[in-house]
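Undergrad: Encoded as structure tokens, here's the structure I'll be asking about.
The values are calculated or read from the model by the stated rules, or taken from the named source; none is laboratory data. Computed from a prediction, not measured in an experiment: that's the story for all the values here. Positions of Cβ are generated from backbone atoms using ideal geometry, with glycine treated the same way; all protein chains shown enter the neighbour counts.
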Amino acid sequence: MPENDLKLLTGAAEAAGKIALRYWKNAPDAWDKGGGAGPVSEADLAVNAMLQHDLCAARPGYGWLSEESDENPDRLRADRIFIVDPIDGTRAFLAGERSFAQSLAVAHGGLVTAAVVHLPALGLTYTATADGAACLNGQPLRAGQAARIEEAQILSSSAVSDPLNWRDPVPRFRRVFRPSLAWRFCLVAEGRFDAVLSLRPAWEWDIAAGSLIAMRAGAIASDRAGQPLRFNSQTATANGLVVAPPALHADLLARLRPWPG
């Protein structure tokens, strides 16, 4: 079943990428969603409409959770569910940058079983199943071996450097940023960077596919308190993110302050 779902997701991601590229660098209509949710464009909606139509037609019993679809509480009763971000990194997409992605996952019983992160402008397709390897364009991936924060390159926002987040003085590490959160997971899986760190709530559609890819490459993906990530929750959010090889993951958790409250 996960292999069949992966084939379905891969084909859908490639088709979605072609739609996104038709709008990319062509000044699509865009507007702010308000409430700090960021921008959305006609390209996001076109990709979402195609994905929802094609995926739900192929798997009519699956639930649906997407950044660009209205919330449907029926998803909470679904045995399996699609978790989708039609364009992850919309700001980068609208700026004409190449670092935007389609993020597609299937979850069963709270765990992701098949995942695809596709970056059409870069020609990159990351895939994984719960019982298979993480791959980039068909080639297996392996996360790095960094063990301590001081030797790590960490994908994060500048907010993680706030001293209030750390038990001791802020550790020295190289901080790097990439717009697509889904891609950040994949870059850790690829061994190009050592960790993803986010200390604020994360939407499930941003992290579902990437989390499985990182884990199947040998990293640990948890919330900021070290708890395993679970999906199709009522709030559709995770309590922050710590994604890294095992020794580095342990070092990060040991030095972060506990989650407030």
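Undergrad: Pairs under 9 Å by beta carbon, first residue touching a residue at least 40 places away in the same chain (Cβ under 8 Å) and crowded, with 24+ Cβ neighbours inside 10 Å in the range 104-116, partner among the hydroxyl-bearing types (Ser, Thr, Tyr) and assigned to a loop (DSSP other than H, G, I, E, B), six or more apart or different chains?
TA: 106/62
Undergrad: Just wondering, is there one or more residues in the range 90-103 that are more than 14 Å from residue 179 (Cα to Cα) and surrounded by 17 or more Cβ atoms within 10 Å (Cβ to Cβ)? Give the derivation first.
TA: Here is the first cut: in the range 90-103, the residues more than 14 Å from residue 179 (Cα to Cα) are none.
Within the range 90-103, none of the residues are more than 14 Å from residue 179 (Cα to Cα) and surrounded by 17 or more Cβ atoms within 10 Å (Cβ to Cβ).
Undergrad: Does any residue in the range 49-76 that is under 14 Å from residue 12 (Cα atoms) come within less than 8 Å, Cβ to Cβ, of a residue that is part of a loop (DSSP other than H, G, I, E, B) six or more places away or on a different chain, and which pairs are these?
TA: 52/69; 55/62; 56/62
Residue by residue, here is whether (1) at pLDDT below 95; (2) touching an Asp or Glu at 6+ places or on another chain (Cβ under 7 Å) holds:
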position	(1), (2)
52	no, no
64	no, no
72	yes, no
92	no, no
110	no, no
118	no, yes
123	no, no
128	no, no
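Undergrad: Hey, among the residues in the range 175-201 that are at pLDDT below 95 and aliphatic (A, V, I, L, M), which one's farthest from residue 52 (Cα to Cα)?
TA: 176
Undergrad: Further question on the same structure: In the range 50-71, which residue that is among the small types (Gly, Ala, Ser) and in contact with a helix residue (DSSP H, G or I) (Cβ under 9 Å, 6 or more places away or on another chain) is nearest to residue 111 (Cα to Cα)?
TA: 63
Undergrad: Working only within the range 81-103, note down all residues that are touching a residue at least 40 places away in the same chain (Cβ under 8 Å) and not in a strand (DSSP E or B).
TA: Across the range 81-103, the qualifying residues are 89, 90, 91, 92, 93, 94, 96, 97, 99, 100.
Undergrad: Then there's this: Suppose the filter is β-branched (Val, Ile, Thr) and either outside any helix (DSSP H, G or I) or more than 12 Å from the chain's Cα centre (by Cα) (or both); does residue 242 pass it?
TA: Values: β-branched (Val, Ile, Thr): yes; either outside any helix (DSSP H, G or I) or more than 12 Å from the chain's Cα centre (by Cα) (or both): yes.
Taking the combined requirement at face value, the residue satisfies it.
Undergrad: Give me a count of the residues in the range 196-233 that are crowded, with 24+ Cβ neighbours inside 10 Å, among the small types (Gly, Ala, Ser) and within 18 Å of residue 259 (Cβ to Cβ).
TA: 1
Undergrad: Checking the condition within 25 Å of residue 13 (Cα to Cα) and either more than 13 Å from the chain's Cα centre (by Cα) or among the acidic types (Asp, Glu) (or both), which residue from 185, 193 passes?
TA: 193
Undergrad: For the list (1) closer than 20 Å to residue 109 by Cβ; (2) touching a Gly at 6+ places or on another chain (Cβ under 8 Å); (3) crowded, with 24+ Cβ neighbours inside 10 Å, I need the number of the one condition that residue 186 fails.
TA: Here residue 186 meets the rest and fails (1).
Undergrad: Turning to a different aspect of this structure: Does residue 236 satisfy the criteria of being buried (at least 17 other Cβ atoms within 10 Å of the Cβ), under 28 Å from residue 5 (Cα atoms) and in contact with a Gly (Cβ under 6 Å, 6 or more places away or on another chain)?
TA: no
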